[in-house]
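The values are calculated or read from the model by the stated rules, or taken from the named source; none is laboratory data. From a predicted model like this one, the values you see are computed outputs, not experimental measurements. Neighbour counts run over all protein chains shown; Cβ positions are idealised from the backbone, glycine included.
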């Protein structure tokens, strides 16, 4: 046995590790199962990263195994530029383990790491898995799932953090730390909880070696049972408890020369919809094609490829488009050997200068079931229902089924098993993604934590309702019906209303027959925006509001009332009535140039009310925050709502300006003298020239008086007296404009207050 192990190690050294070609590797286990011959079958996949060729065989030593069976190693991805910069392969190994074994421990050693700043040469792979049955899942223990793409690159000045995949199928707590004897990086730290690398100081250009251990710990106290029926008590994670599984993730990180701009989408590619978020859990079925779509954009660089780490029989389709965009389509049809596997998939968008962030997902593979397609999910305004045909679940005891909250049981009749829940109870989980809000639950088997043996089949069928954040301004929902199994989903939509009210109580709406709404200068108009939804734990946010002289929100002539969640107009008052209602009050104005109509367009978006990192929670974004927001690539879907037109009507001139009596004329002269004095004071205080973009201001009552003066000039008896007054009026108007300009700038970053 010892001689065989030596030969295996020698074979590994003479094989893959014979050149300085090793970029790292990862191990992932497939769900364990029992063999009719009395053995446990433990399958694992080994992914190797390298420079030119990666399809060298790997040989592992195994403690606790009675035998190892290796399959062929397949190259899964490689550099298509012709420069042979990176590649990845995946091999499959089956281990036979005695039923009495409580663990297996795998190891593999080789040489040599690619040339690196850490002067590392030899490498060692490692994985340790506990094989006892858990009382919380009533199944054998599973290891965390992780991997990386072959070649990770980041510019020296654009390295805030690097997210690693650390998904655990048993929903255990996963802890990450640098492996023993790993290279020490003075200015790079690892967050043990999030498995994220952070740069804390200057890091030199070059290649660095990373060896990270992932360990899982149960989140509650459990019992671990042996094959003979005895069990051991195992404490939940408390900072010092022992782990159930550990495995090593190895990779290289190349620090590139700095870029002139770190903004995502400029030179560094940024991901666009429908790219899944990092850490997402996706589902596939044996024998059915699984598809993953990703899209990226770099305005000032060319995306040449996507680097992918995935299963060996996954195919990749790359296409590029206009405006620096490129698209990735991955397809994979899991085989029977992939059943109950959790396959990690990572990808990056590649340019000659750098690459995008790395995103990774976990793909859970299920066996096709005889009841596929016999589950119906119904989504309503504030609840969802699921119905499963009883014939689809043979030998399942319906008395031991519940929703995620065990206190919420299911109902049943002769033909169906049914569950009904609101979005706020029965353990329903809410997930807020870039373009959708998901409400998820599942029907599962009730478990007795004190039970050692299992005498019934277990059930875990997930389902969800999916709500797009962006929606039309309709007053009803659009429901698309479809049936699914495992992560079943229904699609629904939000709707919004944007109304004008006649008073500050916001009780009486202006009827459609009254449009266009007739207004006068500096009249206060009252508007209300409301999201029509009964969903629990959601809120919406007014991102921007702007005025245009027509119903085209993209008109070059516009005026911002709200921008980036900040009030930009001094007359605007915003009240957040509740999570789904906004009230706005604003003083009317016009664009001049013969435009007597104003349209107001607001963009709004929906968020999970409990997500502290959503756009809704960010509120008003100042300039510095907007730059930081772009740098981390935060995105949200928005919906535009337009209201108007508001039409200005002529007013009767004030009687004092029509009357030509001498005392009235003297009163006008006094007002003009005061205006002239105000001009002189204003000129001393502010000599700033007025920009065209600042011309849009509320017109004052004094200005309307000057309009009256202009008509008075047409009178033969008044021409001489008021000729000079007209000139002073123009100057006074400029003072009013300058005043409002300064006031608008002072309120430029006034926050849009939220309740």
Exercise for review: Scan region 555-613 for residues that are under 16 Å from residue 521 (Cβ atoms) and in contact with a helix residue (DSSP H, G or I) (Cβ under 6 Å, 6 or more places away or on another chain) and jot them down.
Suggested key: 570
Review point. Identify, please: which residue in region 115-167 is under 25 Å from residue 76 (Cβ atoms) and out of contact with any strand residue (DSSP E or B) (no Cβ under 6 Å at 6 or more places or on another chain) and is, among those, surrounded by the fewest Cβ atoms within 10 Å (Cβ to Cβ)?
Key: 115
**Study point:** Members of region 56-78 found to be in contact with a helix residue (DSSP H, G or I) (Cβ under 9 Å, 6 or more places away or on another chain) and not in a strand (DSSP E or B), listed by number
**Key:** 56, 57, 58, 59, 60
Review point. Looking at region 195-217, which of its residues are more than 23 Å from residue 22 (Cα to Cα) and surrounded by fewer than 15 Cβ atoms within 10 Å (Cβ to Cβ)?
Key: 198, 200, 201, 202
Exercise for review: Say whether the condition of being surrounded by fewer than 17 Cβ atoms within 10 Å (Cβ to Cβ) and modelled with pLDDT of 90 or more is met by at least one residue in region 26-36.
Suggested key: no
Study note, to complete from the structure: Those residues of region 218-236 which are under 30 Å from the mean Cα position of the chain (by Cα) and surrounded by fewer than 19 Cβ atoms within 10 Å (Cβ to Cβ) amount to 219, 220
Check your understanding: Can you tell me which of 81, 26, 125, 89 is assigned by TED's automatic domain parsing to the domain that holds residue 215 and over 30 Å from residue 353 (Cβ atoms)?
Key -> 125
Point to revise | Of the criteria (1) touching a helix residue (DSSP H, G or I) at 6+ places or on another chain (Cβ under 8 Å); (2) surrounded by fewer than 20 Cβ atoms within 10 Å (Cβ to Cβ), which one residue 264 fails | key: (2)
Practice item. For region 322-357, enumerate the residues that are closer than 18 Å to residue 80 by Cα and surrounded by fewer than 16 Cβ atoms within 10 Å (Cβ to Cβ). Key: 329, 352
**Study point:** Positions within region 296-315 being buried (at least 19 other Cβ atoms within 10 Å of the Cβ) and part of a strand (DSSP E or B), in sequence order
**Key:** 296, 297, 305, 306, 307, 308, 309
Practice item. Check residue 619 against each of (1) within 19 Å of the chain's Cα centre (by Cα); (2) surrounded by fewer than 17 Cβ atoms within 10 Å (Cβ to Cβ); (3) modelled with pLDDT under 80 and name the one condition it does not meet. Key: (3)
Practice item. Examine region 540-558 for a residue that is within 17 Å of residue 498 (Cβ to Cβ), touching a strand residue (DSSP E or B) at 6+ places or on another chain (Cβ under 6 Å), in contact (Cβ under 8 Å) with a residue 12 or more places away in the chain and part of a loop (DSSP other than H, G, I, E, B), and state whether such a residue exists. Key: yes
**Study point:** region 524-552: number of residues that are surrounded by fewer than 14 Cβ atoms within 10 Å (Cβ to Cβ) and either within 30 Å of residue 609 (Cα to Cα) or at pLDDT 80 or above (or both)
**Key:** 2
Review point. Tell me, which strands (runs of 3 or more DSSP E) wholly within region 79-139 include 2 or more residues that are within 18 Å of residue 152 (Cα to Cα)?
Key: 87-98
Review point. Residue 187 fails exactly one of the following numbered conditions: (1) touching a strand residue (DSSP E or B) at 6+ places or on another chain (Cβ under 9 Å); (2) closer than 30 Å to residue 446 by Cα. What is the number of that condition?
Key: (2)
